Amino acid sequence: MATAEKFSVVGQRVQRVEGFDKVTGESKFIADIQLPGTLIGRVLRSPYPHARIRHIDTSKAAKLRGVRAVVTAEDTIKRPWGAFFADQYILSVGKARYVGEEVAAVAAIDPDIAEEAIDLIEVDWEPLPGVFDAEEAMKDDAPLVHDDKPNNIAMTMNIERGNIAQAFAESDVIVEDTFTSMPQWHCSIETIGSVAEYGANGKYIDLHEHADAV
């Protein structure tokens, strides 16, 4: 049987292809690539946990010099998506249901203009009662997060393994309580992205792909 010493890669110390460029700062990441005509995007987010959107006025933002586009839900196909049921939109449709929900977006020639355009978007909000506790949210009189749903229960799962009654009967100690923890969400250090440049004939003339990772 061949030993590891007979292989050039397996069992050997191999220098990473991108290693030298990364440790010397020569590697280019997505943020380092600025192609001619690149636009900067910014998003207007809801300041309310629950509020109806009566009207959005984007006229001032659209007239700002350097702004190339201003969009709201009316500019989208309003196709929802979601893990348990389809309830999330690219931009808020009708109302916002959490602080930070995307309401409108702009594209401009530089970050300062994009930020100024976001500030010029006027939203007529109607703040609504919110739900901030799972137990309270399931009550019959709780404010509805989704107007077209009968309640705030997104999904019900009943999971049993083994003989539950026997396990309780044979247990020395039974502890019943309500336990809570802080919300957690993973934060990947390897955000994948790409930058593409088109030629006059509509075909790619260059393509840059990088992973923003270390």
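Looking at this structure, is Asp75 of a type outside the set (Gly, Ala, Ser), assigned by TED's automatic domain parsing to the domain that holds Pro150, farther than 22 Å from Val131 by Cβ and in contact with an Asp or Glu (Cβ under 7 Å, 6 or more places away or on another chain)? Criteria not met by Asp75.
Scanning segment 35-67 for residues that are part of a loop (DSSP other than H, G, I, E, B) and either closer than 18 Å to Val106 by Cα or of a type in the set (Phe, Trp, Tyr) (or both) yields Gly37, Thr38, Leu39, Ser46, Pro47, Tyr48, Thr58, Leu64, Arg65, Gly66. Restricting segment 106-124 to residues that are out of contact with any Leu (no Cβ under 6 Å at 6 or more places or on another chain) and surrounded by 15 or more Cβ atoms within 10 Å (Cβ to Cβ) leaves a set whose member that is farthest from Pro47 (Cα to Cα) is Ile109.
Among the listed residues Val93, Val103, which satisfies the condition of being surrounded by 14 or more Cβ atoms within 10 Å (Cβ to Cβ), under 30 Å from Lys149 (Cβ atoms) and touching a helix residue (DSSP H, G or I) at 6+ places or on another chain (Cβ under 6 Å)? The match here is Val93. Comparison of Arg42, Arg68, Arg54 shows that the only residue that is in the same structural domain as Val123 (by TED's automatic domain parsing), touching a helix residue (DSSP H, G or I) at 6+ places or on another chain (Cβ under 6 Å) and basic (Lys, Arg) is Arg42. Test Ser27 against the stated conditions and say whether it is outside the structural domain of Met155 (by TED's automatic domain parsing) and surrounded by 15 or more Cβ atoms within 10 Å (Cβ to Cβ). When the stated conditions are applied, Ser27 passes them. Screening segment 158-196 for residues that are out of contact with any helix residue (DSSP H, G or I) (no Cβ under 7 Å at 6 or more places or on another chain) and surrounded by 10 or more Cβ atoms within 10 Å (Cβ to Cβ) and picking the one that is nearest to Leu35 (Cα to Cα) gives Ala196.
The values are calculated or read from the model by the stated rules, or taken from the named source; none is laboratory data. This one's a predicted model, so the numbers in the text were calculated from it and none came from an experiment. Cβ sites come from the backbone with ideal geometry, for glycine too, and all protein chains shown count toward neighbours.
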